[in-house]
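The values are calculated or read from the model by the stated rules, or taken from the named source; none is laboratory data. Keep in mind it's a predicted model, so treat the numbers as computed, not measured. Here the Cβ positions follow ideal geometry from the backbone for every residue, glycine too, while neighbour counts run over all protein chains shown.
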């Protein structure tokens, strides 16, 4: 799915925003998938991760939050390898293939909070310290449910204004 996801994201960013999306050559060191440019200027680094469909019968522990955390942690390492001083924004794209997961699971993973039916945020889980460190590296997540864009989630303030400008948020 990785190659298919990369193609989908490249096409989406080029067609929707008219960005120039260049694949970063693969080496022994793990790096993000793309540089994203406009008018010959680097805008941000981009990494695509896919949450595969989890098929099971019976009761199993819900691994949703662990799977999302793992994707954030993996991408943070990749971003640090090419952007160690964090001079440019780092954008993680998550393509979710499991209809039992959605963008609310991302929000719960990164904040520990869930939105009630009455519009109130309640703490439902603890966010691990090591994930908090990685959230300082990943600036924004673009969430897709299969091939459909769902939303953006800005994770930290370092490049938030720049990302808002880039994506016209």
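Which pairs have Cβ atoms under 7 Å, sit 6 or more apart or on different chains, and link a residue in region 125-141 that is within 16 Å of residue 154 (Cβ to Cβ) to one that is at pLDDT below 80? Close Cβ pairs (under 7 Å, with a partner that is at pLDDT below 80) do not exist here. Every residue in region 1-12 that is exposed (fewer than 15 other Cβ atoms within 10 Å of the Cβ) and part of a helix (DSSP H, G or I), please. Answer for region 1-12, where residues must be exposed (fewer than 15 other Cβ atoms within 10 Å of the Cβ) and part of a helix (DSSP H, G or I): 2, 3, 4, 7, 11.
When region 82-104 is filtered for residues that are at pLDDT 90 or above and touching a helix residue (DSSP H, G or I) at 6+ places or on another chain (Cβ under 7 Å), the ones remaining, listed by number, are 89, 90, 92, 93, 94, 95. For region 143-169, residues that are in contact (Cβ under 8 Å) with a residue 60 or more places away in the chain and assigned to a strand (DSSP E or B) total 2. Checked against (1) modelled with pLDDT of 95 or more; (2) in a helix (DSSP H, G or I); (3) out of contact with any strand residue (DSSP E or B) (no Cβ under 6 Å at 6 or more places or on another chain), residue 79 passes all but condition (3).
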